[in-house]
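**Q** Can you keep this structure in mind? I'll have questions shortly.
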Amino acid sequence: MYDTIIIGSGPAGLTAAIYAQRAQLDAVVVEKEYMGTGQIAESEQVDNYPGLYGKNGFDLGEEFRSHAAALGTEFYEGEVVRIAPKDGGYSVEFSDGALLETRTIIYAAGAKHRRLGVNGEAEFTGRGVSYCAVCDGAFYKGRTVAVVGGGDTALGDALLLSKIAARVYLIHRREQFRANKTLQSDVKNAPNIELVLNASPLEILGEKKVSAIKILHGDSEKILSVDGVFIAVGEQPESSLLRGIADLDDRGYVIAGEDGATSAEGIFAAGDVRTKPLRQVVTATADGANCVYSVEKYLGMI
């Protein structure tokens, strides 16, 4: 039986692995995809992780993984299909029928961006298509970008980008936004944000990088020349395995504080899957470290 099973190999999970090795815990990192490093791999460049300015997201993820591996971290590739209480701990069942047992779980499965599902979206992810304006907005100084969405995140992204880019198209499929009124007012008063309402993206265009987005605006198709497309149509936390075991909020995020403790004894949540105001690489790594400290306390090691 392991001291802890870390589910997820993004920045939160890999940091938890590093701290678990230093704490001499018997731990294993479970990853759905071989040699995975999470959503960070989609970022073209990371400028806000201290000490590693300008790193390509894929390379930064590999650095995290190499660090964990150098300390002797054990990795297990497989898709978890069920978590169940067992003998004061938990059993973790995989799609191939394999079972692992553990005293605690650090749940760092992350969240996935909701996709538009249009041609060009997958092809240009990391090459002009982004799901994080905070992460990638600085690369579009003085350029033209589009934001797709109508909620708080989309309007907040548009406002952030309006301070960086020369022009921002805000594309929303309805006439009215879902965002709060203050954000709506701020967006409408921003001189370089152009509202494109009753419009749906049809395709993202380009060669090596994004050069335009094709939309259905009303009854006609239009092509907007842009250097980047920021998609903000929501996130979906990968929390279904904990439903009925730990408390989730109304959006499906695992309810946990800075210590990672959930409502389930011995289960700790780290990274984008947990409730918190800011989802960034630096907050994910902090979560991973905090969760290992919580595991040590829970197991009576400190």
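**Q** Within the set of pairs 6+ apart or on separate chains, which have a first residue in the stretch 190-210 that is charged (D, E, K, R), a second that is outside any strand (DSSP E or B), and C-beta atoms under 6 Å apart?
**A** Listed pairs, sorted by first residue: Glu203/Val118; Glu203/Gly120; Lys209/Arg127; Lys209/Gly128.
**Q** Follow-up question, since we're still on this one. Just wondering, is there one or more residues in the stretch 118-125 that are assigned to a strand (DSSP E or B) and not aromatic (Phe, Trp, Tyr)?
**A** Our first condition is that a residue be assigned to a strand (DSSP E or B); within the stretch 118-125, this holds for 119, 125.
Filter once more, so that each one left must be not aromatic (Phe, Trp, Tyr): 119, 125.
The answer is yes, given that some residue of the stretch 118-125 is assigned to a strand (DSSP E or B) and not aromatic (Phe, Trp, Tyr).
**Q** Which of the strands (runs of 3 or more DSSP E) contained wholly in the stretch 206-249 include at least 2 residues that are modelled with pLDDT under 95?
**A** 235-237
**Q** Let me ask something else. Consider Ala261 against the criteria (1) closer than 30 Å to Val81 by Cβ; (2) open to solvent by 50 Å² or more (accessible area, probe 1.4 Å); (3) under 24 Å from the mean Cα position of the chain (by Cα); (4) without any contact (Cβ under 8 Å) to a residue 40 or more places away in the chain: it satisfies all of them except one. Which criterion is unmet?
**A** (2)
**Q** Kindly indicate whether any position in the stretch 10-17 is in contact with a Leu (Cβ under 7 Å, 6 or more places away or on another chain) and on the phi < 0 side of the Ramachandran plot. Don't jump to the end; show me each part of the working.
**A** Of the stretch 10-17, the ones in contact with a Leu (Cβ under 7 Å, 6 or more places away or on another chain) are none.
Taking every residue of the stretch 10-17 in turn, none turns out to be in contact with a Leu (Cβ under 7 Å, 6 or more places away or on another chain) and on the phi < 0 side of the Ramachandran plot.
**Q** State all residues of the stretch 280-295 that are within 14 Å of the chain's Cα centre (by Cα), surrounded by 21 or more Cβ atoms within 10 Å (Cβ to Cβ) and of a type outside the set (Asp, Glu); if no residue qualifies, say none. Can you show your working first?
**A** Here is the first cut: in the stretch 280-295, the ones within 14 Å of the chain's Cα centre (by Cα) are 280-285, 287.
Retained after the next criterion (residues that are surrounded by 21 or more Cβ atoms within 10 Å (Cβ to Cβ)): 281, 284-285, 287.
Those that are within 14 Å of the chain's Cα centre (by Cα), surrounded by 21 or more Cβ atoms within 10 Å (Cβ to Cβ) and of a type outside the set (Asp, Glu): Val281, Ala284, Thr285.
**Q** Check off (1) modelled with pLDDT under 95; (2) hydrophobic (A, V, I, L, M, F, W, C); (3) under 21 Å from the mean Cα position of the chain (by Cα) for Ala158 and give me the number that stays unchecked.
**A** Going through (1) modelled with pLDDT under 95; (2) hydrophobic (A, V, I, L, M, F, W, C); (3) under 21 Å from the mean Cα position of the chain (by Cα) one by one, Ala158 breaks only (1).
**Q** Would you mind stating whether Leu71 is at pLDDT 95 or above and touching a His at 6+ places or on another chain (Cβ under 8 Å)?
**A** Details: at pLDDT 95 or above: yes; touching a His at 6+ places or on another chain (Cβ under 8 Å): no.
Taking the combined requirement at face value, the residue does not satisfy it.
**Q** I need the full set of residues from the stretch 77-105 which are crowded, with 16+ Cβ neighbours inside 10 Å and either of a type in the set (Phe, Trp, Tyr) or at pLDDT below 95 (or both), in order please.
**A** If the condition is that a residue be crowded, with 16+ Cβ neighbours inside 10 Å and either of a type in the set (Phe, Trp, Tyr) or at pLDDT below 95 (or both), then Tyr90, Phe94 are the ones that fit.
**Q** Related question: With free of Cβ contacts under 8 Å to residues at least 24 places away in the same chain and open to solvent by less than 10 Å² (accessible area, probe 1.4 Å) as the only criterion, which of Gly271, Gly218, Gly252 stands out? Before you say what the answer is, go through the steps one by one.
**A** On the way: Gly271 fails: free of Cβ contacts under 8 Å to residues at least 24 places away in the same chain; Gly218 fails: open to solvent by less than 10 Å² (accessible area, probe 1.4 Å).
None of the other options fit; the residue is Gly252.
**Q** Of all residues in the stretch 134-190, how many are surrounded by fewer than 23 Cβ atoms within 10 Å (Cβ to Cβ), of a type outside the set (A, V, I, L, M, F, W, C) and in a loop (DSSP other than H, G, I, E, B)?
**A** Looking only at that region, the number is 12.
**Q** Against the condition β-branched (Val, Ile, Thr), crowded, with 20+ Cβ neighbours inside 10 Å, within 21 Å of Ala269 (Cβ to Cβ) and under 18 Å from the mean Cα position of the chain (by Cα), how does Thr73 come out, does it pass? Spell out how you get there, then give the answer.
**A** Working: β-branched (Val, Ile, Thr): yes; crowded, with 20+ Cβ neighbours inside 10 Å: yes; within 21 Å of Ala269 (Cβ to Cβ): yes; under 18 Å from the mean Cα position of the chain (by Cα): no.
Considered against the rule, which asks whether it is β-branched (Val, Ile, Thr), crowded, with 20+ Cβ neighbours inside 10 Å, within 21 Å of Ala269 (Cβ to Cβ) and under 18 Å from the mean Cα position of the chain (by Cα), Thr73 comes out as no.
**Q** Look at Val118 and say whether it is at pLDDT 95 or above, within 22 Å of the chain's Cα centre (by Cα), open to solvent by 10 Å² or more (accessible area, probe 1.4 Å) and under 20 Å from Gly206 (Cβ atoms). I'd like the intermediate steps shown before the answer.
**A** Values: at pLDDT 95 or above: yes; within 22 Å of the chain's Cα centre (by Cα): yes; open to solvent by 10 Å² or more (accessible area, probe 1.4 Å): yes; under 20 Å from Gly206 (Cβ atoms): yes.
The answer is yes for Val118.
**Q** Of everything in the stretch 22-40, what is outside any loop (DSSP other than H, G, I, E, B) and buried (at least 19 other Cβ atoms within 10 Å of the Cβ)? Give them in sequence order. Show your work before the answer.
**A** Of the stretch 22-40, the ones outside any loop (DSSP other than H, G, I, E, B) are 22, 27-31, 39-40.
Once the filter is applied, which keeps residues that are outside any loop (DSSP other than H, G, I, E, B) and buried (at least 19 other Cβ atoms within 10 Å of the Cβ), the stretch 22-40 yields Ala27, Val28, Val29, Val30, Glu31, Gln39, Ile40.
**Q** A follow-up question, please. Filter the stretch 51-70 down to residues that are touching a residue at least 40 places away in the same chain (Cβ under 8 Å) and open to solvent by less than 70 Å² (accessible area, probe 1.4 Å) and give me whichever is nearest to Cys132 (Cα to Cα).
**A** The selected residue is Gly57.
The values are calculated or read from the model by the stated rules, or taken from the named source; none is laboratory data. For clarity, every value in this text was computed on a predicted model and none was experimentally measured. No Cβ is skipped: glycine too gets one built from the backbone with ideal geometry, and neighbour counts run over all protein chains shown. Surface accessibility is based on the protein's heavy atoms, side chains included, excluding ligands, DNA and RNA. Shrake-Rupley method; radii C 1.70, N 1.55, O 1.52, S 1.80 Å.
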